[in-house]
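In what follows, a single structure is set out as structure tokens and then discussed.
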Amino acid sequence: MASSSQNQGLSKYVTLVSMDGFEFVVLREAASVSKAIARMLSPTNGFKEAQDGRCVFGEINGVVLEKVAEYFYYNYKNRNREDVPDMEIPPELCLELLMAADYLDT
Amino acid sequence: MADELPLPRLRWDPVTESFSKNAAGKRVRSSPPASSDPALFSSDDDPSADNYTQERRKKKFRGPWYHQRPASEESSQESQEHAPEKKSRRTFERQFDSGVFMGSDGTDVDEVLEELESRNAMALPVRHSRGTQSARRLPTPEELVQGQIQRCLEEGNESIDLSSRGLTTLSNATIRQLATLTPIPPVIEGVFTRLEPKIKVFLASNDLTSLPGELFNLDRLTVLSLRGNQFEELPPGIGKLSNLKELNISQNSLRSLPFEILDLFSDTSRLNSLNLHPNPFYQPQFPPDHEADKQEEELQYKIGLGNRGRARHRRGAVCSVSLEQRRRSWHSQWNVTYQARTEVRYLDINGTLSKGPNFCNDSSPIPVADANDTPQPPTSRGDLSRAPSLFEVALNACSRHKDLPHLTSWLPDDSPEFFFDLLRDVMVKKDSGGSKCTICQRNFIQPRTEWIEWWEIAKVIERNAMASAASPLRQMENERDVLESMVPLMRRGCSWLCVPEKVAVVEDAVVATE
Ligand SMILES: [Zn+2]
């Protein structure tokens, strides 16, 4: 996925923007584990996000989006491992992250 | 009648196992762990003469006096305990500090303790005088059962018969009581003998749909009857009951059994008697050329010919042997043999089917996979990972949340019904002991793969038990033989990489015939 996007001159990094204006710059390949983000960023779908590499999430706040970005790296780092460590998240974020995960399809 | 025990009002703290008059702002000292069984004592507290006009039984109490609570206090305490549940629906907001509980930091300790108390409603049995009891609401079936268990504990009775009690739920707190059961040792010529308890639990003819995980931690459980309930699945924890001698799960709505139940047939287990049928188990559908054999078998079964002379393996010339079967050592009393499996169902993060067969709810049989079948995930191999989804990570955090039972009240009002159902499922799964991937052993909440394996689970028939071939006993064994040759076991995996191993295909032209 990453190699094909690089071939088309797309940036290696994308920016995720929360509803309260926080921005997180993450590796495009890592963020693409989210099927929703992959769809947004796919050049073939012709969304605006694909051009400027910027995804704005009007329903996810900064604290939650930071954990989402952290998950992207956790998943990316462990993608080829046989025994994957657990990722800890603070209990008070569990419901919001659950809904964010459902929305991002990841 | 007066209160049975006019005692000062103390609050029992189940966390520190100690009492405090008022926990707020105070560090509670925890009492040292009990080194001996709780003392038994009787009450002679009210010596007035009118108590002796009729025959009077001495009340016995287990444990120290300060564990006992007077009846009138109980009712007032109960109204307090239920108060926190009536709290109005909270709006969804982040609670940054709600995950941390400091025993010493004061103000909201009382509320937390009360919530804890109301959740482990393991209320010590308080005998009520008739007068106060009639004024109260009727006890629930579970409360009655708790009282009964307490009587068994007092009498050292190892046989806990909770059959036909109208039970729809059974909590972990209720079953946890049983872990303290110690049989009363028989006195033989003045010598006490120490006994290991052999707990028997009969839950037959209730309306149970799930079981508390604590039941599977009762390692002295030897007999378990779940006959005639509403179970559609059994928790995987049932495989942990390594001292189980008798298991009856007949007359339920079971379509399959958990794969973990195979642990009950390992060479270290004790299982001696197993009643599986009747249950609406999933039936395998073999490819057409095997169908003829199967129909023949069914015909034989119907006319009661049994399996005399029938071929042991009916997979044509090819017989598949599961590696799992070879890796384990089975109890010599049981014939445990892998037969066939379905194709793999690949599930999305939220449990919807992405690829694979439907396990429908009617009684139609499910096609078995080819012996050479290699599971193909819905996406390309390169995208696969054993890392849990963010959805699973979040579900896990919900499951560990100290306020899981009330999490649904924090969902926004316009959340899809799906989330409410999901959180209720999480709670049921947690209460029944959770589940582990049957391939990589990782704990999971939402399975990502599942398939059914059919195994033969049959008791090896003792030769001398069948003195006469014409006896009814012989025919009964044969019927069971046919039924138990295809027991469906549900296997679940935690990632799309957790799929069945390739079976070793043995070119086996020699079929063993009896
Ligand atoms: Zn796994």
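The values are calculated or read from the model by the stated rules, or taken from the named source; none is laboratory data. Predicted, not measured: the structure shown is a model, and the values here were computed from it. Because the Cβ atoms are built from the backbone with ideal geometry, glycine has one as well, and the counts that use them run over all protein chains shown. The accessibility values were calculated without ligands, DNA or RNA, using every heavy atom of the protein model including side chains. Shrake-Rupley method; radii C 1.70, N 1.55, O 1.52, S 1.80 Å.
Could you tell me how many of the residues in the range B:412-429 are under 21 Å from the mean Cα position of the chain (by Cα) and either open to solvent by less than 20 Å² (accessible area, probe 1.4 Å) or among the hydroxyl-bearing types (Ser, Thr, Tyr) (or both)? Show your work before the answer.
From the range B:412-429, those under 21 Å from the mean Cα position of the chain (by Cα) are B:421-429; that's our starting set.
Cutting the leftovers down to either open to solvent by less than 20 Å² (accessible area, probe 1.4 Å) or among the hydroxyl-bearing types (Ser, Thr, Tyr) (or both) gives us B:422-423, B:426.
Qualifying residue count, the range B:412-429: 3.
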**Fill in**
Quick count over the range A:90-106, residues being closer than 18 Å to B:Ile349 by Cα and open to solvent by less than 20 Å² (accessible area, probe 1.4 Å), is 8
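In the list B:Ser432, B:Ser409, which residue meets the criterion of being away from the ligand (no atom under 16 Å from the Cβ) and under 22 Å from the mean Cα position of the chain (by Cα)? Walk me through how you get there before you give the answer.
Values: B:Ser409 fails: under 22 Å from the mean Cα position of the chain (by Cα).
Every option except B:Ser432 fails the conditions.
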**Asked** Within the range B:372-391, restricting attention to residues that are more than 8 Å from chain A (Cβ to nearest Cβ) and buried (at least 18 other Cβ atoms within 10 Å of the Cβ), which residue is nearest to B:Ile452 (Cα to Cα)?
**Response** B:Pro375
**Item:** the range B:261-288, residues that are in contact with a strand residue (DSSP E or B) (Cβ under 8 Å, 6 or more places away or on another chain) and among the charged types (D, E, K, R)
**Value:** B:Asp267, B:Arg270
**Request:** Could you tell me whether A:Arg54 is open to solvent by 60 Å² or more (accessible area, probe 1.4 Å), touching a Ser or Thr at 6+ places or on another chain (Cβ under 6 Å) and under 30 Å from B:Cys498 (Cα atoms)?
**Result:** no
**Prompt:** Could you count how many residues in the range B:352-393 are away from the ligand (no atom under 16 Å from the Cβ) and assigned to a loop (DSSP other than H, G, I, E, B)?
**Reply:** 22
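Touching a residue at least 60 places away in the same chain (Cβ under 8 Å) and part of a loop (DSSP other than H, G, I, E, B), is that true of B:Ser415? Show your work before the answer.
On the way: touching a residue at least 60 places away in the same chain (Cβ under 8 Å): no; part of a loop (DSSP other than H, G, I, E, B): yes.
Spelling it out, it is not the case that B:Ser415 is touching a residue at least 60 places away in the same chain (Cβ under 8 Å) and part of a loop (DSSP other than H, G, I, E, B).
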**Message:** So the check is Cβ under 8 Å with 6+ separation or different chains; which pairs have a first residue in the range A:67-87 that's closer than 17 Å to B:Cys494 by Cβ and within 8 Å of another protein chain (Cβ to nearest Cβ) and a second one that's loosely packed, with under 15 Cβ neighbours inside 10 Å and not polar (S, T, N, Q)?
**Reply:** A:Asn78/A:Pro85
